[in-house]
Structure formats: C-alpha cells, structure tokens
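See below for the structure under consideration.
The values are calculated or read from the model by the stated rules, or taken from the named source; none is laboratory data. Remember, predicted model here, so these are calculated numbers, not experimental data. Cβ: placed from backbone, ideal geometry, glycine included. Neighbour counts: every protein chain shown. The accessibility values were calculated without ligands, DNA or RNA, using every heavy atom of the protein model including side chains. Shrake-Rupley method; radii C 1.70, N 1.55, O 1.52, S 1.80 Å.
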Amino acid sequence: MNFIYDDGGREAAGFKGETRDCVCRAIAIAAEMPYKEVYDLINEMAKTERSSKRRRGKSNARTGVYISTIRKVMERLGWKWHPTMAIGKGCTVHLRKDELPSGRLVVSVSRHEVAVIDGVVHDTFDCTRDGSRCVYGYYQKVN
C-alpha cells in the first residue's frame, strides 16, 4: 500500500510539536475538512462524556479520543461504521489496498486511526506494517 505524508492541515492551522492527534488528522483528511474545525468538533463532543472506572478524564483532539466519541463525531458528519473484525473470528482484513474498498475512509487499527484514500495511506508515518496491520473496521461516507 502506498503512503503519502499528510498532517491533515495541522501545521497550517498553527499547531506545533508532536502529539497523539491521529483521530483529528484522519477525519480532517478523509472528510476534506479544515483541521481546526475537526479539532473543535471533537473537543465539543467530548464535553458530553462521563467519567467511569475505565475512563480517566475526557477525550481530547490533541491527546486521544475514546471510541464512543469517535463514533458520535463520525455519525454527526454522516459516516457509517463498517466492522471487519468480530470476537473469535481473528483478523480478516489488513491495511492493504486489495482488502479495503476504494474511496475515502477513516480506518481503525490498533491504537490508531488513519485516512485511506483510494488505497493510499495519508498520515504522518507509514502505519501499514508492510500490509500485516489488522483493520478493526472503517468509516465510509454515507451517500
């Protein structure tokens, strides 16, 4: 799978330094939205989260987003979740061009979200693990 370096407009929006903003970057790239707009949307939706034994604090576009908040953001933007992995089934889809549909996708892999556009990874690093990285599922725009 080919790889193109893309920060999703993060630097152009005035953000600097290293961070764990893969969710924000992936959504900005795949949805063709300004980075700052996605950043603000994630942080706004995170305000509705409740703390629990497993959740220490709230999601943040800069430091990490809980899965439930990612799903709410994507639903609001009109994207649908397509799971590719089930309990007891093992890994059936990998981060490879021939195993994902064409179009603009936000793909969920272990501890990371990545934009894939027509079989090309758009991210700040090549996260494919040479095609062996397992895909948990992906979001695709609903027509």
Hey, could you check the range 49-77 for residues that are among the basic types (Lys, Arg) and closer than 16 Å to GLY137 by Cα and say which is farthest from the chain's Cα centre (by Cα)? LYS72
Kindly provide the set of residues from the range 118-143 that are open to solvent by 10 Å² or more (accessible area, probe 1.4 Å), assigned to a strand (DSSP E or B), farther than 9 Å from MET1 by Cβ and out of contact with any Ser or Thr (no Cβ under 9 Å at 6 or more places or on another chain), ordered by number. HIS122, GLN140, LYS141
Please go through the range 88-105 and pick out each residue that is modelled with pLDDT of 95 or more, small (Gly, Ala, Ser) and open to solvent by less than 50 Å² (accessible area, probe 1.4 Å). GLY103
Return the only residue of SER68, SER51 being part of a helix (DSSP H, G or I), farther than 20 Å from PHE3 by Cβ and open to solvent by 40 Å² or more (accessible area, probe 1.4 Å). SER68
Closer than 21 Å to TYR136 by Cβ, small (Gly, Ala, Ser) and modelled with pLDDT under 95 - does that describe any residue in the range 1-17? no
Close pairs (8 angstrom Cβ cut-off, 6 or more residues apart or separate chains): farther than 19 Å from ARG20 by Cα in the range 118-132, part of a loop (DSSP other than H, G, I, E, B) and not aliphatic (A, V, I, L, M) anywhere: ASP118/SER102; ASP118/GLY103; GLY119/SER102; GLY131/ARG96
Single unsatisfied condition, LYS36 versus (1) open to solvent by 30 Å² or more (accessible area, probe 1.4 Å); (2) outside any helix (DSSP H, G or I): (2)
Which one is farthest from LYS72 (Cα to Cα), of the residues in the range 1-24 that are open to solvent by less than 40 Å² (accessible area, probe 1.4 Å) and in contact with a strand residue (DSSP E or B) (Cβ under 7 Å, 6 or more places away or on another chain)? CYS22
Which condition number in (1) open to solvent by 80 Å² or more (accessible area, probe 1.4 Å); (2) part of a loop (DSSP other than H, G, I, E, B) is the one that GLU75 fails? (2)
How many residues, within the range 1-29, are closer than 24 Å to LEU100 by Cβ, of a type in the set (A, V, I, L, M) and not in a helix (DSSP H, G or I)? 2
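Yes/no per residue for (1) farther than 23 Å from ASP130 by Cβ; (2) free of Cβ contacts under 8 Å to residues at least 24 places away in the same chain; (3) hydroxyl-bearing (Ser, Thr, Tyr):
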position: ASP6; (1), (2), (3): no, no, no
position: GLY9; (1), (2), (3): yes, no, no
position: THR19; (1), (2), (3): yes, no, yes
position: CYS24; (1), (2), (3): yes, no, no
position: VAL65; (1), (2), (3): yes, no, no
position: HIS82; (1), (2), (3): yes, no, no
position: ILE87; (1), (2), (3): yes, yes, no
position: VAL106; (1), (2), (3): no, no, no
